[in-house]
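**Student:** Sharing a structure, written as C-alpha cells. Questions coming.
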Amino acid sequence: MHITKLLNYLLILNVKNDIKTYKFDKMNCRDENSLKYLTMCSDDWKWGLVTTTVGMQSIAPNASYPAMQHPATYDLKPQVGRVLDEYQMVYITEGSGFFESESMPRQRVEAGTVILLFPGEWHNYAPDVNCGWQEYWIGFQGANMDMLVGSGFYSRDEALMTVGVSNSVIALYKDAIRLANKESIGCQQMISGVVMHLLSLVYYRYRNRNAGANRVEDIINDARQLMRERIHHSLRVEDIAASLGVGYSWFRQTFRRVTGISPSQYLNRLLMSRAKELLVSDNQSITELAYALGFETVGQFSTAFRKMEGTTPRRFREENKLRGFYSSEMFRG
C-alpha cells in the first residue's frame with residue numbers, strides 16, 4: 001500500500017476513536033517516568049521505519065530538566081539546545097513551557113501540543129520553572145517518514161501542532177512504551193505501526209482543529225470513550241454530561257441525534273457486550289460476574305440480560321463456550 005494511502009486509511013480509522021482528556025481523567029495519564037532506547041538490525045530498516053527511543057517524564061515545578069540521564073547524543077541542555085539525527089514527536093500533556101528551532105522563533109507551548117523535531121535541525125525546549133510539565137516522546141527514522149515530510153504532510157515551520165490533550169494519543173505512546181520494554185522479536189515492526197498510527201492521528205487532529213472541527217462530534221466521542229472506560233462504575237448519564245461540561249438535556253438529545261440511540265441505551269449495549277465477553281472468557285460464577293459488572297443482584301443482571309439478548313446468561317454461556325472466545329464488537333475501538 002502506498003504510504004499516502006496508508007496515511008489516509010489510518011486517518012479514517014481514528015476518527016471515531018479520538019477523544020480529549022478532561023479534568024476527571026487526568027490521573028489516568030500519570031505514569032512513572034520511563035525511558036527506553038531500542039536496538040535495531042539491518043532487516044528492521046527494510047520496514048521503512050525504525051524506532052530509536054520512547055518514554056515519558058513528569059517535571060515538577062522548580063525541578064531540573066530533563067529529569068533522567070540520556071546518552072550524550074540525546075542530552076538536551078536548555079541553555080544551548082541540541083541537534084538530533086532523527087525525528088521525534090514530543091507530546092506535552094500537562095503544564096507549559098517554550099520551544100524554538102532554526103525554522104521557528106521562540107514561542108510558548110501549552111498542554112495538548114505535539115512538538116515535532118526534525119533530523120539535523122537545531123532546537124531547544126523546556127518547561128516553565130513555576131509549573132513544570134508532563135511529556136511523552138518517541139524517536140524514529142526511516143524512508144516512510146522522509147516521504148511524508150517530502151510530500152508536505154509535516155514541515156519544519158509547523159513543528160508545533162495543537163491537538164488537545166487526547167487519551168487516544170496518550171494510549172499510543174503507552175503502547176509503544178510497553179512494546180519497547182518487552183523488546184520481543186518483531187518489536188520494531190510493531191512499534192513502527194504505532195508510530196504511523198500516531199502520525200496519522202496527530203495530523204488529523206491538528207488539521208481539523210485548524211479548520212474548526214465540529215465540537216459536537218468531539219463531545220459525543222468523548223462521552224462514548226468515557227462509557228467504554230468506566231463501564232463497571234455504574235455511570236449515570238447526568239454525571240457524564242457534567243464531566244463533559246454540558247447540560248444534561250442537551251447532551252441526551254444530541255447524543256441520540258448523532259448516534260441514533262440514547263446514552264442509556266448505549267450504556268446498556270456496552271454493558272451487555274462486556275457481559276457476553278465475560279460469560280464466555282471468564283470462569284467466575286454468574287453471581288460473581290453480576291456484581292463485577294455493577295449490578296446489585298444476580299436477578300437484576302439476569303433480567304437485564306434476558307431483556308436485551310433474548311436468553312439467560314447461563315444459557316448464553318452454555319451455547320457459546322463451545323464456539324471459542326467471544327469478541328465484543330463494541331470493545332474493539
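**Student:** Cβ neighbours within 10 Å, averaged per peptide: list 309-320, 170-181, 121-132 in order, most packed at the top. Mind dumping the intermediate values first?
**Tutor:** Values: 309-320: 14.7, 170-181: 20.2, 121-132: 17.2.
Most protected by this proxy first, the peptides run 170-181, 121-132, 309-320.
**Student:** Moving on to the next point. In percent, how large is the relative contact order of region 217-331, given Cα pairs closer than 8 Å and 6 or more residues apart? Can you show the working numbers first?
**Tutor:** Values: 97 pairs, mean separation 29.3, N = 115.
It rounds to 25 percent for region 217-331.
**Student:** Please compare each pair in Lys276/Lys307; Lys36/Lys182; Lys77/Lys182; Lys46/Lys174 to a cut-off of 21 Å on the Cα-Cα distance and tell me which ones are over it. Show your work: numbers first, answer last.
**Tutor:** Numbers: Lys276/Lys307 14 Å; Lys36/Lys182 11 Å; Lys77/Lys182 30 Å; Lys46/Lys174 25 Å.
From Lys276/Lys307; Lys36/Lys182; Lys77/Lys182; Lys46/Lys174, over 21 Å: Lys77/Lys182; Lys46/Lys174.
**Student:** Using the Cα centre as the reference, give the magnitude of the dipole from point charges on the C-beta atoms of region 217-331 (Lys, Arg: +1; Asp, Glu: -1; all else neutral), rounded to the nearest 20 debye.
**Tutor:** Values: 17 positive and 14 negative charges, 81 e Å.
Approximately 400 debye in magnitude.
**Student:** Just to be sure I understand: if I project the alpha-carbon convex hull of region 217-331 onto a plane and average over all orientations, what area do I get in nm²? Mind dumping the intermediate values first?
**Tutor:** Working: hull surface 28.7 nm².
One quarter of the hull surface, i.e. the mean projection, equals 7.2 nm².
Here, each number is a calculation from the coordinates, and none is a lab measurement. Here the structure is a predicted model, which is why all the values come from computation and not from measurement. Don't worry about glycine lacking a Cβ; one is built from the backbone with ideal geometry, like all the others, and counts go over all protein chains shown.
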